[in-house]
Amino acid sequence: MVDPVDLAMRQKSTGGTPVGLVRRVLEDGRRVLVIFLYLWALFSLFGLHRWTLLKGEGIMTEQLLAIVNAFVFAKVMFFAERYGFAGSFHDRPLVYPVLFKSVFVAVVLIVFYFIEETAIGLFKGRDIDDSIPSVGGGGASGLAAVAVIMFVVLIPCFAFRELSVAIGKDKLRELFFTPPELRAAADLDRTRCV
């Protein structure tokens, strides 16, 4: 979701100057990096699972695919957020955009997984029927299981992003990384200043 205040501040801060442009590129790069790291951890774990339990390709191939997929999907998610993906939920409780984004991205990831695995199979010389992957052990129940897993593991990602927009990045960072006694002291200092 595009934060209107954040967008207005960006437009003011860049003002067409090289310093503003560099600041914006660095901030956008940081956002893509955070999404990339989350997706890379997720895809790496799926690759490790596939390699150990399902006798997938090779561990290096699985991890290389995890890196490439995480990078591509991080950029897709970044641009989707930048251009108001699920913006119609901005006046609703946070649970709605979180769940909507999780479902939508889970479906997109599964579709791209099918495309990727089919392309790899065709590249290796297999015919189209042998190239289409069986997801989650095959069948509709396997596909449903993978879809539910993807949906659930994406909820924290979108919950933190929506919460960051709602209360502010600094407040969220403070809540997670500042000990409670220091937060209480900082809150007391803030009330004295007002």
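Brief remarks on what is shown
- Helices (runs of 4 or more DSSP H) fully within region 54-167 counting 1 or more residues that are modelled with pLDDT of 85 or more and among the hydroxyl-bearing types (Ser, Thr, Tyr): 95-123, 139-167
- When residues of region 85-144 are limited to those that are β-branched (Val, Ile, Thr) and open to solvent by 70 Å² or more (accessible area, probe 1.4 Å), the one farthest from the chain's Cα centre (by Cα): ILE128
The values are calculated or read from the model by the stated rules, or taken from the named source; none is laboratory data. The structure presented is a predicted model; accordingly, all values stated were derived computationally and were not measured. Just the protein is used for accessible areas: all its heavy atoms, side chains included, with ligands, DNA and RNA removed. Shrake-Rupley method; radii C 1.70, N 1.55, O 1.52, S 1.80 Å.
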